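*Asks:* Below is one structure. I have some questions about it.
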Amino acid sequence: MKTTIAINGAGGRMGQRLVALANEDASLKVVAALDAPGSPALGRDAGEVAGVGRIGVPITSELPLEPRPACVIDFSAPAGTMAVLPVCVARRIPLVVSTTGHTDAQKAEIEAAAHETAILFAPNMSLVVNLLFKLVRLTAEALNGKGFDAEIIERHHRFKKDSPSGTAMHFAEVIREVQGGRFVHGREGIVGERQADEIGVHAVRAGDNVGEHTIVFSTLGETLELVHKGHSRDSYARGALLAAAFLATKTAGRYSMADVLGL
Ligand SMILES: NC(=O)C1=CN([C@@H]2O[C@H](COP(=O)(O)OP(=O)(O)OC[C@H]3O[C@@H](n4cnc5c(N)ncnc54)[C@H](OP(=O)(O)O)[C@@H]3O)[C@@H](O)[C@H]2O)C=CC1
Ligand SMILES: O=C(O)C1=N[C@H](C(=O)O)C[C@H](O)C1
């Protein structure tokens, strides 16, 4: 029995990889592909847009009633998430939210939807990055109160619309949960000496970098850096497809990539 999926943002960089990789997976079937109202991708075959040939699924701006997907995967934009969320809630369709850049109010709405359907909301679908979240928590605990400065540097492609990355902010939130402190986004001018409670967050936008995160723990005399470097968007896409297969069988509730990946 194939897991049927719908992809929100199917015309985008990630959406295209999801269509392509799902097309190669005998356990999955793409039954719907969505994109923004007014998108030039509307009406085109999702497989053709993804470069894998026709799959018989046209890209539409709304989720058709039939065939009902077992799970929706969202790699769109905040507005895209908020457009598909009520549809998934009303129809009790599990939803994997991979999009980043939401407001706090939008995040709260996404979390509330878990009362009605299965929700997995994660800024990064990569196995290695989700392992790195645990390693950063372990490091922050081990070095807490020992005089280490924590800074996060993220690098992404020139096309990324939100900043800093959702992944970088999750690293920062993990560190703050453990050590307390306050986020400092970049530094400019005579800002004075670095205060011990600062958690620096810095975003580089250049070239076609698919995602690189460096978490720095530095003190007088030595530095520890924990680094993830993405080579392809496929690490995120494969994680998202695993998440969809996991979520498709779940009842209402809030699930995580740690649940999916057994971390
Ligand atoms: N969790 C994870 O592991 C990862 C998360 N991401 C996140 O996924 C998102 C997408 O990234 P990426 O694929 O590079 O971005 P793209 O801009 O390439 O793709 C986004 C797609 O969503 C479409 N879109 C925009 N608004 C809507 C809407 N209202 N309804 C439906 N579709 C819409 C866009 O259409 P149009 O171009 O016409 O606006 C575009 O086709 C970003 O937030 C990014 O941070 C990315 C990689 C990994
Ligand atoms: O926009 C991207 O490309 C990515 N965005 C996500 C984020 O904002 O954390 C995940 C990954 O870093 C790639």
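*Asks:* Among (1) among the polar types (S, T, N, Q); (2) under 30 Å from T219 (Cα atoms); (3) out of contact with any His (no Cβ under 7 Å at 6 or more places or on another chain), where does T167 come up short?
*Replies:* It is condition (3) that T167 fails.
*Asks:* Here's a follow-up. Filtering segment 97-106 down to residues that are assigned to a loop (DSSP other than H, G, I, E, B) and of a type outside the set (S, T, N, Q), which residue is surrounded by the fewest Cβ atoms within 10 Å (Cβ to Cβ)?
*Replies:* G101
*Asks:* Sticking with this one: Determine which single condition G101 fails, assuming it passes every other condition in (1) at negative phi; (2) within 16 Å of ligand 1 (Cβ to nearest atom).
*Replies:* (1)
*Asks:* Could you check how many residues of segment 107-124 are surrounded by fewer than 17 Cβ atoms within 10 Å (Cβ to Cβ) and within 16 Å of ligand 2 (Cβ to nearest atom)?
*Replies:* Within segment 107-124, residues that are surrounded by fewer than 17 Cβ atoms within 10 Å (Cβ to Cβ) and within 16 Å of ligand 2 (Cβ to nearest atom) number 1.
*Asks:* Okay, moving on. Looking at this structure, is E48 acidic (D, E), assigned to a loop (DSSP other than H, G, I, E, B) and open to solvent by 60 Å² or more (accessible area, probe 1.4 Å)? Break it down into steps so the answer makes sense when it comes.
*Replies:* Numbers: acidic (D, E): yes; assigned to a loop (DSSP other than H, G, I, E, B): no; open to solvent by 60 Å² or more (accessible area, probe 1.4 Å): yes.
No: the conditions fail for E48.
*Asks:* Pairs only if they're at least six apart or on different chains, beta carbon under 6 angstrom, first in segment 158-176 and among the hydrophobic types (A, V, I, L, M, F, W, C), second away from ligand 1 (no atom under 11 Å from the Cβ) and open to solvent by 30 Å² or more (accessible area, probe 1.4 Å); list them, first residue then second.
*Replies:* A172/F183; V174/R137
*Asks:* Taking the conditions exactly as written (in contact (Cβ under 8 Å) with a residue 40 or more places away in the chain, away from ligand 2 (no atom under 15 Å from the Cβ) and either outside any helix (DSSP H, G or I) or over 19 Å from the mean Cα position of the chain (by Cα) (or both)), does G189 satisfy them or not?
*Replies:* Here the answer is no, as G189 does not meet what is asked.
*Asks:* Considering segment 53-71 alone, what residues qualify as being farther than 13 Å from L28 by Cβ and not hydroxyl-bearing (S, T, Y)?
*Replies:* Within segment 53-71, G53, R54, G56, P58, I59, E62, L63, P64, L65, E66, P67, R68 qualify.
*Asks:* I'd like to verify a number: residues in segment 120-147 that are outside any helix (DSSP H, G or I) and either among the β-branched types (V, I, T) or in contact (Cβ under 8 Å) with a residue 60 or more places away in the chain (or both), how many?
*Replies:* Of the residues in segment 120-147, 8 are outside any helix (DSSP H, G or I) and either among the β-branched types (V, I, T) or in contact (Cβ under 8 Å) with a residue 60 or more places away in the chain (or both).
*Asks:* Among the numbered conditions (1) closer than 26 Å to I199 by Cα; (2) open to solvent by 10 Å² or more (accessible area, probe 1.4 Å); (3) of a type outside the set (D, E, K, R), tell me where S165 comes up short.
*Replies:* (2)
*Asks:* Out of (1) closer than 24 Å to K107 by Cα; (2) open to solvent by 20 Å² or more (accessible area, probe 1.4 Å), what's the single condition that is false for G145?
*Replies:* Going through the list (1) closer than 24 Å to K107 by Cα; (2) open to solvent by 20 Å² or more (accessible area, probe 1.4 Å), G145 breaks only (1).
*Asks:* Starting from segment 99-110, take each residue that is closer than 9 Å to F121 by Cα and list its partners that are modelled with pLDDT of 95 or more and not in a loop (DSSP other than H, G, I, E, B), counting only C-beta distances under 6 angstrom and pairs at least six apart or across chains.
*Replies:* That search, which allows pairs on different chains as well, returns T99/D74; T99/T81; I110/V97; I110/F121.
*Asks:* Let me ask something else about it. Give me the residue from segment 215-263 that is among the aromatic types (F, W, Y) and in contact with a strand residue (DSSP E or B) (Cβ under 9 Å, 6 or more places away or on another chain) and, out of that set, farthest from C71 (Cα to Cα).
*Replies:* F217
*Asks:* Among I215, I153, which is open to solvent by 50 Å² or more (accessible area, probe 1.4 Å), in a strand (DSSP E or B) and under 18 Å from V129 (Cβ atoms)?
*Replies:* Going through I215, I153 in turn, the sole match is I153.
The values are calculated or read from the model by the stated rules, or taken from the named source; none is laboratory data. Keep in mind that what you see is a predicted model, and the values were worked out from it rather than measured. Note that each Cβ is placed from the backbone with ideal geometry, even for glycine, and that neighbours are counted across all protein chains shown. Ligands, DNA and RNA are stripped out before the accessible areas are found, and what is left, the full protein with its side chains, is counted by its heavy atoms. Shrake-Rupley method; radii C 1.70, N 1.55, O 1.52, S 1.80 Å.
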